[in-house]
Amino acid sequence: MRLAHPWFLILLALIPLLLLHSRRRSRAEVSTLRYSDVRPLISLQPSWRVRLLPLATALRLTGIALLVVVLARPQWEQTSEIVRREGIDIMLTLDISLSMKARDFEPKDRITVAKEVIAEFVRGRSDDRLGLVVFSGHSFTQVPLTLDYQVLLNLLGQVDVVRRPDGTAIGTALAHSVDALRGSTAKSKVVILLTDGSNNRGDISPREAAEIARALDVRVYTILVGRPGDGRYPVFDPYRGDTYFIPAPNEQDEEALRQIAERTGGLFFRAGDEQALRQIYSRIDELERSEVASEKYVRYQEAMLPFAFAALAALIAELVLRATVLRSVS
């Protein structure tokens, strides 16, 4: 609430003066009688009419104070805001080749940590469409672009490494992700590609896929996870019926991933542990934020009527009291 003409409140300073004037006038109008002995009158209590005299004065002053508030024009403030967000379309591209089971992120493996960090990234977004592409020797869309983050999180939770066809088709996966953004009208189109190896499968090279992304104005962030030669992943032998661990492949094409990022206006990152991977997604989250524009409209609704009615009621009550029970005979 606000007051349109707050300077009228200065008139409230007259209330104490009116009260003082009323008291002096009442004393001046009191009739006096002379008694030879007032002791018999000491025990007498004032009548209820006498007790009501201050009430009449209080009603008058209250009515005047409320009228001053009415002159100040109290108003309710009604605001409305129109918010426009320019969303971002992001494809999350995740390597699910068998080497992502390597346990150099002890006590977790690479795929588990990657899924946890991606899930945190998804929960931190709003108003942006997100999708998920997974790949090994081939790539496929796990979740198309959507605003239903819960569906995305549920399907992300079901992702696991695949044994066949094994391999790492980085170029094919990137081209697949870019194609999913082809019809996007978002102000920004982004691919976040996470892998632990080098391109060794597919018909499209990383360089060709980067050119496609560049032509369609898609920015690509590339992330290389794991430490070469420092990871082992489990392999199940169906003939022997047991599981054994073998070293993760050492082939990691950092240069190709770096070139993809540079040619598309993105960034290349390397994550050797879980904390580093979380920091990478946190930085990308800060870099890729929707722009928000808002317009605020303010309207004011008059709120003086309750005060006016209250003032009128107080003054009428005072007049009624003085015309009835407080009526005096001159």
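The values are calculated or read from the model by the stated rules, or taken from the named source; none is laboratory data. Keep in mind that what you see is a predicted model, and the values were worked out from it rather than measured. Quick reminder, even Gly has a Cβ in these numbers, built from the backbone with ideal geometry, and neighbours come from all protein chains shown.
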Next item on the list: Pull up region 148-196, narrow it to residues that are surrounded by 12 or more Cβ atoms within 10 Å (Cβ to Cβ) and polar (S, T, N, Q), then point me to the one that is farthest from residue 135 (Cα to Cα).
Entry: 188
Notebook entry, point to check: Can you pull out the residues in region 90-137 that are of a type in the set (Lys, Arg) and touching a residue at least 40 places away in the same chain (Cβ under 8 Å)?
Noted result: 101, 103, 108, 110, 115, 125, 129
Next item on the list: Would you be able to tell me the number of residues in region 89-101 that are outside any loop (DSSP other than H, G, I, E, B), among the β-branched types (Val, Ile, Thr) and in contact with a Phe, Trp or Tyr (Cβ under 8 Å, 6 or more places away or on another chain)?
Entry: 1
Check: Which residue out of 245, 269 is modelled with pLDDT of 90 or more, outside any loop (DSSP other than H, G, I, E, B) and at negative phi?
Finding: 269
Notebook entry, point to check: Any idea which of 60, 73 is modelled with pLDDT of 65 or more, within 41 Å of the chain's Cα centre (by Cα) and not acidic (Asp, Glu)?
Noted result: 73
Next item on the list: Would you mind listing the helices (runs of 4 or more DSSP H) fully within region 102-207 where at least 3 residues are closer than 22 Å to residue 218 by Cα and small (Gly, Ala, Ser)?
Entry: 170-180
